[in-house]
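Right, one structure below, let's go through it.
What follows draws every value from the coordinates through simple rules; no lab data is involved. Remember, predicted model here, so these are calculated numbers, not experimental data. Ideal geometry is used to build each Cβ from the backbone, glycine not excepted, and the neighbour counts take in all protein chains shown.
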Amino acid sequence: MTDADPAAPPDGKDSDSLPHIGFNVRHAREAAGMSQADLAQRLGLNQSSIARMERAAVWDTDRLLQVARVLDINVAELLYNF
């Protein structure tokens, strides 16, 4: 039996089958060819803040909009498509 991190489920879904926003953001960032440091710099944050955000299942709406803008992706895609 493995100890899975409940904050970052491997399938990108939480226990209620809702999308895990941090998981989706990580995949969108990677698809855009950006490192955590790249995204952090564009948002005026540090890399550890991005790592923490990517483990989070719930995000502040304003931050999600900022990330979507930087990644040039629709917020709905971050919520549901990765």
Q | region 43-54 residues that are free of Cβ contacts under 8 Å to residues at least 60 places away in the same chain, paired with ones that are surrounded by 13 or more Cβ atoms within 10 Å (Cβ to Cβ) and among the aromatic types (Phe, Trp, Tyr) (beta carbon under 8 Å, 6 or more apart) | A | Met53/Trp59; Glu54/Phe23
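Can Asp38 be described as assigned to a helix (DSSP H, G or I) and loosely packed, with under 14 Cβ neighbours inside 10 Å?
Considered against the rule, which asks whether it is assigned to a helix (DSSP H, G or I) and loosely packed, with under 14 Cβ neighbours inside 10 Å, Asp38 comes out as no.
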**Q.** Counted residues, region 52-82 - those being at negative phi and assigned to a loop (DSSP other than H, G, I, E, B)
**A.** 10
